[in-house]
Ligand SMILES: [Fe+2]
Ligand SMILES: [Fe+2]
């Protein structure tokens, strides 16, 4: 676990991250474990590059390694957890039919209740890592982006997204979000009920950048 030794956190935080890493390794399949590690590695690079606080750096590492831990549960269990906690997540009934959304929401409640993680920023970053949300903070943005562009991912435009992730995190968020919307449309999939609000919010906040518009 070289990559954990190299993180810019204290020894206590490294031990915590190491334990979560082991948990993810034991409970998720190999590909998903590798993706979780890659997300952590990429998020650590972005956190350092964008000068986040010491506390947020650790939060980003913990949320990254655990972001897909909700996939340990089957879809039925995920839906059950989301329903049980529905007051704490922005969902409409139709969202419960979109399987791909549920692991972020359920994963957040799962790590809170089973692992005792109560840090609000960590919980929120895990909860909305698939959908994004309006008014994302730096922890949310870095976890959201790293999940989509970590080194194991391969798709058109990814080099551009990686390049801007190091220079302008807000522009990168806008471009990654846009990419995700296009991905969903191309596959005839349904949107999360909040997607257009979130997109509008991202555009209002960060749409002014003209550094390399893509489409
Ligand atoms: Fe995910
Ligand atoms: Fe992921």
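Brief remarks follow.
- Residue satisfying condition, being surrounded by fewer than 21 Cβ atoms within 10 Å (Cβ to Cβ) and either under 16 Å from the mean Cα position of the chain (by Cα) or in a helix (DSSP H, G or I) (or both), within set 56, 51: 56
- Looking only at residues of region 102-138 that are within 14 Å of ligand 2 (Cβ to nearest atom) and assigned to a loop (DSSP other than H, G, I, E, B), we find that the one that is farthest from residue 76 (Cα to Cα) is 132.
- Residue among 31, 38, 15 that is part of a helix (DSSP H, G or I), within 13 Å of the chain's Cα centre (by Cα) and surrounded by fewer than 21 Cβ atoms within 10 Å (Cβ to Cβ): 38
- Any hit, region 169-176, residues being closer than 19 Å to residue 100 by Cβ, surrounded by 16 or more Cβ atoms within 10 Å (Cβ to Cβ), within 14 Å of the chain's Cα centre (by Cα) and at pLDDT 95 or above: yes
- Residue among 99, 68 that alone is over 30 Å from residue 11 (Cα atoms) and within 16 Å of ligand 2 (Cβ to nearest atom): 99
- Identity of the residue in region 103-150, more than 13 Å from the chain's Cα centre (by Cα) and within 14 Å of ligand 1 (Cβ to nearest atom), that ends up farthest from residue 168 (Cα to Cα): 110
- Any chance residue 160 is surrounded by 20 or more Cβ atoms within 10 Å (Cβ to Cβ) and assigned to a helix (DSSP H, G or I): no
- Filter result for residue 60 (within 16 Å of ligand 2 (Cβ to nearest atom), closer than 18 Å to residue 123 by Cα and at pLDDT 95 or above): yes
- Test result for residue 87, in contact (Cβ under 8 Å) with a residue 40 or more places away in the chain and either farther than 20 Å from residue 4 by Cα or loosely packed, with under 13 Cβ neighbours inside 10 Å (or both): no
- Positions within region 20-73 being within 14 Å of ligand 1 (Cβ to nearest atom) and out of contact with any helix residue (DSSP H, G or I) (no Cβ under 9 Å at 6 or more places or on another chain), in sequence order: 31, 34
- Residues of region 63-93 classified as outside any loop (DSSP other than H, G, I, E, B) and modelled with pLDDT of 95 or more, total: 21
- Scanning region 1-12 for residues that are over 19 Å from the mean Cα position of the chain (by Cα) and outside any helix (DSSP H, G or I) yields 1, 6, 8, 9, 10.
The values are calculated or read from the model by the stated rules, or taken from the named source; none is laboratory data. The model shown is predicted, which means the values in this text are computed figures rather than measured ones. Every residue, glycine among them, receives a Cβ derived from its backbone with ideal geometry; neighbour counts consider all protein chains shown.
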